[in-house]
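Single-structure report; data block below.
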Amino acid sequence: MGLDAADLKPVAAWPDRIRPASMADLAALVDIENRAFETDRVSARNFRHLLTRGNAETFVAADPSGRLFGYATVLFSRGTPLARLYSIAVERT
């Protein structure tokens, strides 16, 4: 039995702080990515694809004020139960 995007739900301990990303998060995702990595960054164009047409799910983590401080993207293999962690980044505090 495989796991797919529909099986991924917000973490119960932080139901209002970890949620699926949306296009409204694009600028914050790119900002986190650019601060977390010096090379091999996910571009705004790639994030847009992952959020709208990619076979992927991106989750964001927000502080109590709603400011995003991290994300994780999982890619799903079509027609299989396989998935892989594509990218994860969390801001330094």
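FYI, it's all coordinate maths here, none of it is from the lab. Everything numeric in this text was worked out from a predicted model, so none of it was measured. Ideal geometry is used to build each Cβ from the backbone, glycine not excepted, and the neighbour counts take in all protein chains shown.
The table that follows gives values for the structure above.
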{"read-out": "Order by protection proxy (mean Cβ within 10 Å, highest first), peptides 59-71, 75-87", "value": "59-71, 75-87"}
{"read-out": "Computed lengthening from residue 38 to residue 75, 0.36 nm per intervening residue step minus Cα-Cα distance", "value": "11.1 nm"}
